[in-house]
1. Is there a residue in the stretch A:369-388 that is free of Cβ contacts under 8 Å to residues at least 60 places away in the same chain and of a type in the set (D, E, K, R)?
2. What number of residues within the stretch A:382-409 are assigned to a loop (DSSP other than H, G, I, E, B) and within 22 Å of the chain's Cα centre (by Cα)?
3. Out of A:T73, A:T86, I need the residue that is among the β-branched types (V, I, T), away from every other protein chain (no Cβ under 14 Å), farther than 21 Å from A:A347 by Cβ and surrounded by 24 or more Cβ atoms within 10 Å (Cβ to Cβ). Which one?
4. Scan the stretch A:85-117 residue by residue and report those that are of a type in the set (D, E, K, R) and without any contact (Cβ under 8 Å) to a residue 40 or more places away in the chain.
5. Provide a single number: the residues in the stretch B:16-36 that are facing chain A (nearest Cβ under 8 Å) and in contact with a Lys or Arg (Cβ under 7 Å, 6 or more places away or on another chain).
6. Out of the stretch A:190-220, which residues are away from chain B (no Cβ under 14 Å), over 22 Å from A:G249 (Cβ atoms) and not in a loop (DSSP other than H, G, I, E, B)?
7. Of the residues A:R47, A:R26, which is in a loop (DSSP other than H, G, I, E, B) and among the basic types (K, R)?
Amino acid sequence: MSPARDEPRSVRWESGLEIRPVYGPRELRESGGDQGIGVPGEPPFTRGIHPFMYRARPFTMRQYSGFGTAAETRERFRFLIENGNTGLNVAFDLPTQCGLDSDDPMAQGEVGRVGMAVDTLADMEQAFDEIPLNEITVSLTINGSALAIMAMYFAMARKRGYDLATLRGTAQNDILKEFIGRGTWIFPVEPSIKLVGDTLEFCARNAPKYNPVSVCGYHIRESGADPAQEMAYALAIALAYVEHALERGLDVDRVAAGLTFNFDIHGNLWEQVAKFRAGRRLWARLLADRYGATDPRALKLRMIAGGGGGGLTIEQPENNIVRGAYYALASALSGTQTMALCSFDEAYTIPSEAAAKLSLRTMQLLVHEIGLCDTVDPLAGSYFVETTTNEMEAKIVSLLTALEEEGGIVRGVAEGRVQAEVSRKAYERERRVESGEVAKVGVNVFREEDEDRREVEFHAYREEEALVQIERLNTLRERRDGAAVAGALERLRADARAGRNTMPAALDAVEAYATVGEVCGALRDVYGTYREPIRF
Amino acid sequence: MSASSPQRVLIAKPGLDGHDVGAKIVCRALMEAGVEVVYTGLRRSPEAIAEAAVAEDVDVVGLSILSGAHEPLTAKVIAALDGAGGPRPEVIVGGNIPAGDREALVALGVSEVFPTSTPLATIVEFVRTRGKA
């Protein structure tokens, strides 16, 4: 017997919004009306940050990639660019991300495994050899050791003749979220924020086109936060960096113009759309109302979206191809500037060339075949979308208010309360997936029992490449000007101790071929190491 | 272990992998089931994990590894545990572990492998019925 047609089931989004079966003018009015919809390209940017959005320029396609040595990664970069990738998003291995050299005892077994191994400027030079940095913008997924890696990128670009004043690109460099999820922190919370401030200040003065920070709701969502929390925490983190920069006397418009965002997309499509439209509006309003920002470049929430690793499943991995396409659709409907998809094999391995290409083709299909770029913000004016955008905004505001009443994001992270809340949500969700309350196709519905016999292609980790990398490092250590390295590192320590900006000394150090481990080691000498608060 | 005392488990993150969602979910599930859980936090060296296992007198050590480095890291932790003397706690491994790597881990001395998407009840049940070798 089929269920009665006049009895709709109840629908509740992860963020807690109750969804009605039908939306009309009354629901929109009750949620706050259509005042916030506005015009694309104008504050508060609900409909998108550019007047013509994809009609003028489609989103940048920036697949995340990197593994093994710089030479191997260079080949993958070349492959992606040949297939239409319009930007690069670099994955670094864990030793690099944690500020350790490839021959550090803690690095054993991890060199080049989950990303490209970088020890010195020489690796950076090799990875980007012949890639036109003015045409292909590069995003560096680096956080704890961002000072060293950004310095290497700048040094490499300068050696190649690019002017920092016009250099474009992005560093992730969002350390606060690393304490919540992802975990590649190095230094304690306060000096970590100070280092982010050093890059903000350096770029505001010397590399104004470069985005020194990409605030990541993404990894907070991946760690368990619901979509409203993802946006609330991301905005709170971004504002924490703004406040730090203001304390240092920087101009709010210049600093905020260097901040970009990285968001997750998995889950309910409409919930993501509402999250982004509400988030854009809030960012513009918060910056203007609280900090008096006026430059449109500062007020625009620029973002990368499309990835949602937490939504992918090991079970029936081909389903991830379809999920990727829906995530891409959701991201385009949300007005993202840059898109990167998780490849279908990413739930268990580093993407194969074929899988990475399929991700690219998925995005290209949207742009070239499906008509996603035909008009700006096609969902605008929908009673449903506008009402839920209003409700999502109210939800995010209430989360931000609660967070501020508890002492703010920095204290919440330092005390481990934010991490505990996010991991509580992850546990709750896992239980709901296990009980079937949250459906996952192939996992708790339409499951197949022959999962173990599935043939999947695994990325082969080549241990010999680690030895090649260590050999390369040792040769370089012998050849470089040891006195220049030692002098620059000593100055770096002195500047860190005195509270001066550390970027100039870091640049000198990496130009003399100081290693990631040496630069981060010098800072460890001064700042110490983060001690994780264990709290459930 | 005696029947009256609750199981004690150390959940550890060896190596540099920062993905701790799964480890923390398993911690919570075990706690809810009445198991006493100690969580190391991220980036623990094999020696630090062995030290904690001895100091906390745990019955089981659960390693969570999602970076792909499960074989070298597990080998080092087991060597450190063996070097610590006394009865060795059982070692279980969870995370992003391909089915084909299970045997190699068992050969290293791992009691059981719980790859991503293992039901929590399976892990809880296993831990509650096992103890020091």
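The values are calculated or read from the model by the stated rules, or taken from the named source; none is laboratory data. On a predicted model such as this, the values are computed, not experimentally measured, just so you know. So basically every Cβ, Gly included, is an ideal-geometry build from the backbone, and we count neighbours across all protein chains shown.
1. Yes, that holds for at least one residue.
2. Number satisfying all stated conditions: 1.
3. Going through A:T73, A:T86 in turn, just one is among the β-branched types (V, I, T), away from every other protein chain (no Cβ under 14 Å), farther than 21 Å from A:A347 by Cβ and surrounded by 24 or more Cβ atoms within 10 Å (Cβ to Cβ): A:T73.
4. A:D93, A:E110
5. 3
6. Passing the criteria: only A:S214.
7. A:R47
Every residue, every condition in (1) assigned to a helix (DSSP H, G or I); (2) in the same structural domain as A:Q272 (by TED's automatic domain parsing); (3) in contact (Cβ under 8 Å) with a residue 24 or more places away in the chain; (4) touching a His at 6+ places or on another chain (Cβ under 8 Å), yes or no:
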position: A:R411; (1), (2), (3), (4): yes, yes, no, no
position: A:R424; (1), (2), (3), (4): yes, yes, yes, no
position: A:E434; (1), (2), (3), (4): yes, yes, no, no
position: A:V443; (1), (2), (3), (4): no, yes, yes, no
position: A:V485; (1), (2), (3), (4): yes, no, yes, no
position: A:A505; (1), (2), (3), (4): yes, no, no, no
